[in-house]
Amino acid sequence: MEIVEPKVFFWMGAHDGCAWYRGMMPGYYADTLKDVGGFATTGSIDPQIEIEKCNIVVLQRRFLGPDMKRIEKIRASGKKIVVDMDDNLLNIPPNNPAHRIYTGKLRKDVEKQLREADLITVSTEFLGEQLKKYNKKIAVFPNCVDIDADWVDKNSFGVEMWHKSGICRTEAKGRKIRIGWTGSNTHEEDLRAINSVMLDLVSEREDVEILYMGGYPGAILEPLIKEKLITRGLDGKYHIPVEKIGKEKRIWLVNGIHISEYYAKLLSLGMHIGVAPLVDNNFNRCKSNVKFLEYTMAGIPTIASNVLPYSGTIKNGKNGIIVKSNRYRQWRRAIEDLVDDEKKRVQLWENARMTVEHRFNIKANVLLHKEVYRGLLN
């Protein structure tokens, strides 16, 4: 019997970070490693040509009416349909801005797509367990990075990869210790665990700076607004003089950025410690450890909440720090411990890089994609 090789098209909802980790990066490396082969690496609004060439279509967040009709035609043509999930979109907390989106007909269409899929791929085992009620056919593809990246990549997605990622950046070398968080504006509740700690540290210690990129919690903005360091324009948008606030208050507020520029930006932030607070709920337990991966690739150690995406990867005191509970004293103790101990920061990062190399290296894990897709076809 002749083995049918997978020719996969990743049909993404948007060219964002989720699309990069779940589809574009595996596709790029599968194409680079010629013995793997058969992965499309581009997405488009009207992907008809790419779909005609493939035998597997991977869907990510394609749940709207026109998409559902098109998917039915694709299925009728004999192609395999895979649904990729990086979040549990059917269990979003009420305080998350996305909660109001995934309701009514859209929620029913998500459930329908999951039930009818030939396969569901997920980023974690816990998320896979949550989705088994809709479909038993599930494969885990962990989010990965290229541990060896020390070049500027010119792949079809246009992403500039990390430059010289093997350099540890957590040594202070006489500078102030910069404690940073990066993410979207959907983490207001998660950030409550650290906001007071961050503000107190920056006001009580001269050797500390804090940084938020992408999402600015009210607890950070409000004092700066009262002091008129931040103003709101006629368009309703805040005007944030980053350099002025950074130098005067040692608080750096950096705009979120497209995935195509994110990695270079992350390296430029000058962070010495990366924090990853999460509220312990089912939705967050379904998330992946992507902040740990990104911070590690940026050369900095991670302090994270004791929630599954991180507690399943970080061994406390070995390759990062796990804060047992989201209490002020525990977060402050964990952060100050690393602020005061450069040698420990370096050792944690070195161990973290080994963890990423052994468990989350895309060049090894992309072979799992081919194995699973080949099995789906044969």
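Among Met213, Met297, Met24, the largest mean-square fluctuation in a Gaussian network model of the chain, built with springs joining Cα atoms closer than 10 Å, belongs to Met213.
Counting only C-alpha contacts under 8 Å and six or more residues apart, can you give the relative contact order of the chain as a whole percent? Here the relative contact order equals 18 percent. Taking GluC sites (Glu not before Pro) across segment 194-302, the ones in a DSSP loop with at most 16 further Cβ atoms lying within 10 angstrom of their Cβ are Glu206, Glu227. With Cα atoms defining each centre, segment 117-140 and segment 246-268 are spaced 35 Å apart in the structure. Relative to the current alpha-carbon distance between Glu204 and Lys318, full extension at 0.36 nm per residue lengthens the span by 38.2 nm. Taking each DSSP H run with n ≥ 4 as -39500 (n - 2.57) and averaging over every residue of the chain yields -12000 deg cm²/dmol at 222 nm.
If the elastic network links every pair of Cα atoms under 10 Å, which of Gly299, Gly214, Gly274 fluctuates the most in the Gaussian network model of the chain? Greatest mean-square fluctuation among the candidates belongs to Gly214. Can you give the relative contact order of segment 177-359 as a percent, counting alpha carbon pairs under 8 Å and 6+ residues apart? About 21 percent, as a whole number.
Bridging of Lys318 to lysines at a Cα separation below 19 Å is possible for Lys291, Lys343, Lys344, once same-chain residues fewer than 8 apart are set aside. Taking the C-alpha atoms only, the angle from helix 342-359 to the longest principal axis of the chain is near 0 degrees.
Averaging over all projection directions, the Cα-based convex hull of segment 177-359 occupies 10.6 nm² in the image plane. Let me know the shape class of segment 64-109, please: from the alpha-carbon gyration tensor, a ≥ b ≥ c as square roots of the eigenvalues, rounded when a/c is under 1.5, otherwise prolate if a/b is greater than b/c, or oblate. Judged from the Cα gyration tensor, segment 64-109 comes out prolate (a/c at least 1.5, a/b above b/c).
Do any trypsin sites (Lys or Arg not before Pro) in segment 191-239 lie in a DSSP loop with no more than 16 other beta carbon atoms within 10 Å, and if so, which? Sites meeting the loop and neighbour criteria: Arg205, Lys228, Lys237.
Bridge orientation summary for the chain: considering DSSP beta bridges with both residues in this region, about 5 percent are antiparallel.
Specify the inter-centroid distance of segment 282-300 and segment 312-361, based on alpha-carbon positions, in whole Å. Here the two parts' Cα centres lie 12 Å apart.
The antiparallel fraction among DSSP beta bridges confined to segment 177-359 stands at about 10%. Which of the lysines could a cross-linker span from Lys112 if the Cα-Cα distance has to be under 24 Å and same-chain partners fewer than 8 positions apart are dropped? Hits, sequence-local ones excluded: Lys69, Lys73, Lys79, Lys80, Lys132, Lys133, Lys136, Lys137, Lys287.
Every read-out reported here was derived from the displayed coordinates using simple, explicitly stated rules and does not represent laboratory data. Keep in mind that this is a model prediction, so the values were computed, not measured. Reconstructed Cβ throughout: ideal geometry from the backbone, glycine too, with neighbour counts over all protein chains shown.
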